[in-house]
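Beneath this line is the structure, given in structure tokens, with notes to follow.
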Amino acid sequence: MSRPTIDADHLRGQLRDNSVRVIDVRRAEDYKKDHIPKSVNLPLAELLADDSPEKVLAIAQRLGIDDQTPVVVYDDTFGALASRVAWTLQYLGHSDVSLLDMTYSQWKGLGLETDTAETAPSQKTHSVKLQPEIMATADYLEKAKESKNVIVIDNRERLNYLEQHIPGAVNIPYRTLASEDKILKPKDDLKRLLKNRNIPENAEIITYCGSVGTLSGLAYYALKSADYPNVKLYVRSFKEWKGLNKPIVKQENANYWDLSAE
């Protein structure tokens with residue numbers, strides 16, 4: 001896997017020599033107003049409408065991505081939507097994909113280049129080498145969480161977690177992962193946060209959130225940024241888990257300040 005995040009200076013260098021495919025995952029109308037130069041638009045909703053490998057392959061090829069193309073993904077939603085797209089490309093077998101380490105608003109706030117011209121990439125050919133080791137299904141998670149070396153992380157807001165969650169899950173709300181000006185804290189700060197939550201580096205870690213794997217996708221890249229080697233995304237997350245009538249822990253009338261779930 002390539003480095004999980006890339007900074008603006010590195011991206012600007014790659015844009016100058018046309019060596020990167022930048023994906024803007026905001027809504028089409030936002031992309032049309034302005035965007036990072038040479039970026040292509042892939043609204044997250046389009047990906048989520050059908051994220052089967054066949055459909056994702058078709059999207060990647062249409063966006064001009066072959067096996068060797070470096071890809072950088074950005075959004076304006078604290079990195080969560082971009083994370084879901086980046087992880088999906090990685091699952092397909094595209095190894096060179098990174099998140100821009102800031103949002104589009106932060107990019108603009110720094111006075112960096114923007115453009116209104118829409119990029120029309122040439123169709124490319126991409127192979128499929130699925131990476132099952134980074135994905136968890138409901139059945140896999142249910143069996144795996146009984147192991148001492150597996151840690152399940154719930155990345156939803158504290159109150160959502162307190163009301164109901166997968167048994168044994170540790171709550172690390174997605175908001176705790178970011179710094180003021182970056183979508184993720186610096187590596188050492190992430191390591192400290194995870195150590196404080198008793199998340200050992202040699203554990204197998206499965207992240208989940210509310211429904212489509214966006215908040216937990218961001219957590220996936222946070223863990224990768226902190227050099228955790230064995231991380232899986234439960235991509236269908238709590239919505240599917242509940243729908244399958246899998247076991248849940250419920251805390252009626254949960255109070256945000258109730259720390260008994262620690």
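The values are calculated or read from the model by the stated rules, or taken from the named source; none is laboratory data. Everything quoted here is computed from the prediction, not taken from an experiment. FYI the Cβ positions are ideal-geometry reconstructions off the backbone, even for glycines, and counts take in every protein chain you see. These accessible areas exclude ligands, DNA and RNA; they are computed on the full protein's heavy atoms, side chains included. Shrake-Rupley method; radii C 1.70, N 1.55, O 1.52, S 1.80 Å.
For Ser211, the residues whose modelled amide H falls within less than 5 Å of its own, excluding neighbours fewer than 5 places apart on the same chain, are Phe238, Lys239.
Sorted largest first by accessible area at a 1.4 angstrom probe radius, with every protein chain in place, the residues Ser179, Ser83 fall in the order Ser179, Ser83.
Among Val150, Val25, Val72, whose mean-square fluctuation peaks in a Gaussian network model of the chain (Cα, cutoff 10 Å)? Between Val150, Val25, Val72, it is Val150 that shows the largest mean-square fluctuation. Excluding the sites themselves, what is the longest stretch of the chain that contains no chymotrypsin sites (Phe, Trp or Tyr not before Pro) in a DSSP loop with at most 16 other C-beta atoms within 10 Å? Between exposed loop sites, the widest span is 1-255. Averaged over its residues, the chain has an accessible area of 47 Å² per residue, based on protein heavy atoms and a 1.4 Å probe. Between Glu252 and His10, full extension at 0.36 nm per residue minus the direct alpha carbon distance yields a gain of 82.3 nm. Relative to one another, the C-alpha centroids of the range 122-136 and the range 63-83 are positioned 14 Å apart. For the chain, the longest principal axis of the Cα atoms and the long axis of helix 187-196 meet at an angle of about 10 degrees. Remark: relative contact order (the range 50-148) = 36 percent; criterion is Cα-Cα distance under 8 angstrom and separation of 6 or more residues. For the chain, the longest principal axis of the C-alpha atoms and the axis of helix 80-92 are separated by about 80°. Contact order, relative form, for the range 157-262: 37 percent (alpha carbon pairs under 8 Å, 6 or more residues apart, mean separation divided by residue count).
When only alpha carbons are used to place a centre, the range 4-58 and the range 146-220 end up 25 Å from one another.
The convex hull of the Cα atoms of the range 12-131, projected and averaged over all directions, covers 6.8 nm².
Apply the a/c threshold of 1.5 to the C-alpha gyration tensor of the range 117-262 and tell me whether it is rounded, prolate or oblate. Note, shape of the range 117-262 comes out prolate. Across Asn171, Asn202, Asn230, mean-square fluctuation computed from a Gaussian network of the chain (C-alpha pairs under 10 Å connected) peaks at Asn202.
Loop-resident GluC sites (Glu not before Pro) (DSSP state other than H, G, I, E or B) in the range 122-198 with no more than 10 further Cβ atoms inside 10 Å of their Cβ: Glu146, Glu180.
Compute the acute angle (0 to 90°) between the alpha-carbon long axis of helix 53-62 and the principal axis of greatest extent of the alpha-carbon atoms of the chain; round to the nearest 10°. Taking Cα atoms only, the helix is inclined about 30 degrees. Across every pair of non-identical alpha carbons in the chain, the mean reciprocal distance, once inverted, gives a Kirkwood radius of 18.9 Å. Extension gain, Lys32 to Asp139: 0.36 nm times the residue separation minus the Cα-Cα distance gives 34.4 nm. For the chain, with all protein chains present and a 1.4 Å probe, just round the carbon and sulfur fraction of the accessible area to a whole percent. Carbon with sulfur: 49 percent of the solvent-accessible area. Measuring nothing but how far apart in sequence close Cα pairs (under 8 Å, 6+ apart) lie, relative to its length, the chain scores a relative contact order of 20 percent. Calculated FRET efficiency, Asp181 to Gln123, Cβ-Cβ distance, R0 = 51 Å: about 0.85 to the nearest 0.05.
What is the ratio of the Cα radius of gyration of the range 69-130 to 2.2 N^0.38 Å, where N is its residue count, to two decimals?
The value comes to 1.28.
Taking trypsin sites (Lys or Arg not before Pro) across the range 142-175, the ones in a DSSP loop with at most 13 further Cβ atoms lying within 10 angstrom of their Cβ are Lys148.
A helix-only calculation puts the chain at -9500 deg cm²/dmol for mean residue ellipticity at 222 nm, using -39500 (n - 2.57) for each DSSP H run of at least four residues, averaged over all residues.
Sorting the Cα pairs of the range 182-238 by distance into bins of 10 Å, from 0 upward, gives 26, 53, 20 percent per bin.
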